[in-house]
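Chemist: Please find one structure pasted underneath; my questions will follow.
The values are calculated or read from the model by the stated rules, or taken from the named source; none is laboratory data. Note that the structure is a prediction, hence the values are computed from the model and not measured. Here the Cβ positions follow ideal geometry from the backbone for every residue, glycine too, while neighbour counts run over all protein chains shown.
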Amino acid sequence: MLPLDPQADTGRRAWVACPKCDDSRGCETCEQRRTCSDHWRYLLSNNGSLLHLQCPSCTHIWTHETGFGATRSRWERIINGLGRP
C-alpha cells in the first residue's frame, strides 16, 4: 500500500468514488450523492476540471475528469487515457 502523498490535506477534499476499493458502496449518504463525512478523497491537485485524488482508505492515487468548468480538449483526454480516439 502506498503512503499518503505529501500533498494530502484534509482541508482539500473531494467526493468521488474510489475506483480501486469502492469503499462508499452501500453508503446511503453517498448513494444519494450527498457530502459524506466518511467517504471523501484527498484532492492532491487539479488542472481545470482534471482532479488528482488519493483515497484515504486504500491510498490509491488516480486522475478524475469532472467535465465541469475548463474541460480538456478531446485530444488531451485521449493522451491522458481518459477518452477514446
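Chemist: Can you tell me how many residues in the range 35-45 are in contact (Cβ under 8 Å) with a residue 24 or more places away in the chain and part of a loop (DSSP other than H, G, I, E, B)?
Modeler: Number satisfying all stated conditions: 2.
Chemist: Of everything in the range 1-34, what is in contact with a Lys or Arg (Cβ under 9 Å, 6 or more places away or on another chain) and assigned to a loop (DSSP other than H, G, I, E, B)? Give them in sequence order.
Modeler: Across the range 1-34, the qualifying residues are 15, 16, 17, 18.
Chemist: Quick check: is even one residue across the range 51-72 closer than 23 Å to residue 23 by Cα, at pLDDT 75 or above, surrounded by fewer than 17 Cβ atoms within 10 Å (Cβ to Cβ) and touching a helix residue (DSSP H, G or I) at 6+ places or on another chain (Cβ under 6 Å)?
Modeler: no
Chemist: With respect to the numbered conditions (1) charged (D, E, K, R); (2) farther than 19 Å from residue 68 by Cα; (3) surrounded by 19 or more Cβ atoms within 10 Å (Cβ to Cβ), which one is the sole condition not fulfilled by residue 41?
Modeler: (2)
Chemist: Next up: Return only the number of the condition from (1) modelled with pLDDT under 90; (2) surrounded by 13 or more Cβ atoms within 10 Å (Cβ to Cβ); (3) within 12 Å of residue 54 (Cα to Cα) that residue 22 does not satisfy.
Modeler: Condition not satisfied by residue 22: (3).
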